[in-house]
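In what follows, a single structure is set out as structure tokens and then discussed.
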Amino acid sequence: MIRYLSLEIPGCHLSVAALGPNIIRVRVGPEPLAERSSWAVVRQDWPGTRATVAETPEELILTTSGEAPGLHVTVRKRDLHLTIATADGKPVLVDALPGAAFSPDGAAATKWLAPDTRIYGLGQRMGFLDKRGETVTQWATDDPLHHPGRDAMYQAIPFYLAVQPGAAYGLFLDSPALTQFDLGKTQPDHLRFQTAEAELDYYVIVGDDPRQVVTRYSELTGRMPLPPKWSLGYQQCRWSYYPESRVREIADAFRSKQIPCDVIYLDIHFMDGYRVFTWDPERFPDPAQLLADLRAMGLRVVTIVDPGVKVDPGYPVYEEGLAQSHFMTTPDGAVYVGKVWPGEAAFPDFLQDTTRQWWGRRHAALLDPGVAGIWNDMNEPANFTAPATEGLYKGTVPGDLLQGESGRKQPHAMVHNLYGLTMAAATIEGLAARRPQERPFLVTRSGYAGIQRYAAVWMGDNNSWWEHLLQSVPTCLGMGLSGVPFVGTDCGGFGGDTTAELLVRWTQLGAFTPFFRNHAADSTRNQEPWAFGPETEALVAEAIRLRYRFLPYIYTVFAEAHRTGLPIMRPLLLAYPDDPHTHNLSDQYLLGADLLVAPVYQPGATRRLVYLPRGGWVDYWTGALHAGEQYIVADAPLARIPLFVRQGAILPLGPAVQHTDEPATALTFDVFGSGTGEVYEDDGSSQDYLQGAWSVTRVTSRVHVGATVVTVAPPVGNYRPARTEVIIRLRGHGVPTAVTVNQQPVPWEQKGGDLIIQIPVTDVGIGLVAEIHGA
């Protein structure tokens, strides 16, 4: 049972609730606090939490306990001064100004900011990882020229992660209206957050380290479901591929050139006059046949869907929306008409249950011909009919539009940041209803806290600038720290003309980001893998093949993200928070726990500085072992992205297939010394994994005097992969005197300084023990 304490003084009402041993919800407002719902929070209670409330003449004290050490929350009666401390009394979050401040512009709270506290997260941000000393605005905005001097972006996630020596906490301000954070900019020792809403509703999550906080926050706001495996492959997009013959030309080029690819996108020109849920009858006369032919080639198609519905009498989507009151209205009840790609357009009100259901059903026009996934764009929502001012509403809809269920309408200004998330919810509901056994795939531009439950997120319309290649790393890392693991950027850059070198370097980075797509604007030069000639094509193709070889490892990290909420792309500070070299390290990252990725982001560079944290790290390309806690200069010729593997890791790798549906019956375990590894497997497409149809195969390696023993355990779980061969590759191993598998001698091969053992598998349910003697 949730335990509360509540207090009020004239003009201020406070409620503090213990949701879990280390999770506190705080609400404070100028009026009595009424019940309120949340689109972000999906969990409110953790079983086993114990809480007590004590009272002294001056204070109310809430103490929690349970599976974690617990918290000590104190409220001073005379002014509602709030202190959150650990069970042993160490302050975590302390009011600098008691209670909250209320004004016609909203509500705000001010906390003390300790000098050794660093601030991360806050969703999609520009600049370096540590946000201390900055101000941050959360307001979903279409801004293709984003750079560190611009603030509001496509995603609005008002959650920050604060890291201190030996401790961490997260604060989530649950408000879909305009929110702002002053992270010690105005006053270096003050942290202030505010919302345009009348009251504050925020959650504080405390942990011993940042991993605990991110895990708990993702439990609060929900975790990413496993996507279909094809969505982890390489994806090719352009504004736009049309007509049908051009789409077929792109597909044929991938297959004839043997460049792996899983997805081709159709941008707005596939529609009939930009009317959503239609096909242009001249450009795409038979979409079902086209999609079937591409599917036979192992290629899936994802189509764009924008929220703006063309104002066009006779267009069924518009007529239905009008007749059934699905569109946002002005205060006098008239349907609001803005302007986007189709011209005059109305905007669905996705806060209405009936509107989400209607929108979901409308996807039949795309799904029935065979579209595999959906791409939500322009969903901040973007609007070309912008007010004359340069303020918040430039490029979006007016704040006084009304949204919500009948009798509970509220101004759009109070729910603006929810638009992308509620559109995503409508889309996923529609896909799930049409294809209940399949995993749906959706990628979105805009979103709010909790968007990970519905969609992958790409970082919007970047540019073909080396600066944006570099910026993609901390931006994606910040999203991961904010609970959104399935993220990426447009490889090569969307706006402007890319170059051959930039395309190579961006593709190398994209191969190790969760979402891997090449996308370019309509007026730019072509940037498909072959666009710059044979030499560049070979380098880009090899980077894409590298992605497919690493897919078993990447998919295993996706499964961990689904299970724990941890990011897929991880800043080094998440794993090594006590190492000061990691605190603002923004140009390299960990993919999962074992692979360090250090992209090249400067033209002409063939070397770069790389920081290796504690432990040993093996250069993936050369096999050289480096000690940790040092900077090294890594070689980075144009054909290579610097990669380092944690000593003791065992990475599951696969072949460079042409697409994810191609049978991959051989699994390689790359062994980097004594340690452990695992591979997660399921059918990659259905919802059966939720009912236990998955398996985890664990591998251990032990180096003894004169021998190395590698054990591949039988899979745990109800899924049995179709595997006919296991390959064990011992990196940097000398020539052995004997090799046995399950005590039987087997052949082996020495190649490039590695020992390779190929083992036929007749039954994956039987484990393997390989013993390598000598060297």
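The values are calculated or read from the model by the stated rules, or taken from the named source; none is laboratory data. This structure is a prediction, so every number in the text was calculated from the model and none was measured. Cβ: placed from backbone, ideal geometry, glycine included. Neighbour counts: every protein chain shown. The area values use the complete protein model at the heavy-atom level, side chains included, leaving out ligands, DNA and RNA. Shrake-Rupley method; radii C 1.70, N 1.55, O 1.52, S 1.80 Å.
If you count, for each residue, the other Cβ atoms within 10 Å and average over each peptide, how do 232-238, 396-402 line up from highest to lowest?
Numbers: 232-238: 24.3, 396-402: 19.0.
Highest mean packing first, the order is 232-238, 396-402.
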Considering only protein heavy atoms, what per residue accessible area in square angstrom results for the chain with a 1.4 angstrom probe?
36
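So between F384 and A666, what do we pick up on full extension, going 0.36 nm a residue minus the alpha carbon distance?
Numbers: separation 282, 0.36 × 282 = 101.52 nm, distance 5.19 nm.
Extra length available between F384 and A666 comes to 96.3 nm.
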State the antiparallel share, in %, of DSSP beta bridges confined to the chain, rounding to the nearest 5.
80
Not counting ligands, DNA or RNA, and with a 1.4 Å probe, what is H269's accessible surface area in Å² rounded to the nearest 10?
20
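What is the gain in length, in nm to one decimal, between E405 and Q357 on full extension, counting 0.36 nm per residue of separation less the C-alpha to C-alpha distance?
So the chain would gain 15.9 nm between E405 and Q357.
Going by average Cβ neighbours within 10 Å, how do the peptides 624-637, 300-313 rank, with the highest at the top? Kindly include the intermediate steps, with their values, before the conclusion.
On the way: 624-637: 14.6, 300-313: 22.1.
The packing order, highest mean first, is 300-313, 624-637.
Contact order normalised by length for the chain, with contacts defined as Cα pairs under 8 Å and 6 or more residues apart; what percent is it? Walk me through the numbers on the way to the answer.
On the way: 1969 pairs, mean separation 76.6, N = 775.
This gives 10 percent for the chain.
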Pop out the ³J(HN,Hα) list for segment 373-379 in order, Karplus 6.51 cos²θ - 1.76 cosθ + 1.60 with θ = phi - 60°, rounded to Hz; leave Gly and Pro as x.
x, 10, 10, 8, 10, 6, 9
Could you work out how far the C-alpha centroid of segment 410-432 sits from that of segment 264-287, in angstrom?
24
FRET efficiency for Y631 and A538, using Cβ-Cβ distance with R0 set to 35 Å, rounded to 0.05:
0.65
Per the helix-only calculation at 222 nm, which mean residue ellipticity applies to the chain, given -39500 (n - 2.57) for every DSSP H run of n ≥ 4 and division by its residues, nearest 500 deg cm²/dmol?
-5500 deg cm²/dmol
Under Karplus coefficients 6.51, -1.76 and 1.60, residue-wise ³J(HN,Hα) of segment 16-26 in Hz, glycine/proline x
10, 10, 8, 8, x, x, 10, 10, 10, 9, 10
What percentage of the solvent-accessible surface of the chain, computed with a 1.4 Å probe over protein heavy atoms, is contributed by carbon and sulfur atoms?
53
Which order do the peptides 198-210, 48-60, 723-735 take when ranked by the mean count of other beta-carbon atoms within 10 Å per residue, highest first?
198-210, 723-735, 48-60
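Give me the number: length gained by fully extending R3 to T186, i.e. 0.36 nm times residue separation minus the C-alpha to C-alpha distance, one decimal in nm. The partial results should precede the final answer.
Values: separation 183, 0.36 × 183 = 65.88 nm, distance 3.58 nm.
So the extension gain works out to 62.3 nm.
With a sphere of radius 13 Å drawn around the Cβ of A34, what net charge do the other residues whose Cβ falls strictly inside it have (Lys, Arg +1; Asp, Glu -1)? Walk me through the intermediate numbers first.
Numbers: positive: R27, R36, R408; negative: E31, E35, E197, E199, D201.
My count for the surroundings of A34 gives -2.
If you rank V214, V709, V716 by how much accessible surface each has, with a 1.4 Å probe, what is the order from largest down? Could you put the intermediate results ahead of the total?
Working: V214 0, V709 35, V716 75 Å².
Result, largest first: V716, V709, V214.
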Honestly segment 233-340 on the Cα gyration tensor test (a ≥ b ≥ c root eigenvalues; a/c under 1.5 rounded, otherwise a/b vs b/c for prolate or oblate) is just prolate
Rounded to the nearest 10 Å², what accessible area does W465 have for a 1.4 Å probe in the complete protein model?
100
Kirkwood hydrodynamic radius of segment 580-728, Cα pairs, Å
17.5
Nearest-10 value in Å² for the accessible area of K339, using the 1.4 Å probe:
100
Backbone N under 16 Å from the I727 label point (7 Å along Cα→Cβ), restricted to segment 501-545:
545
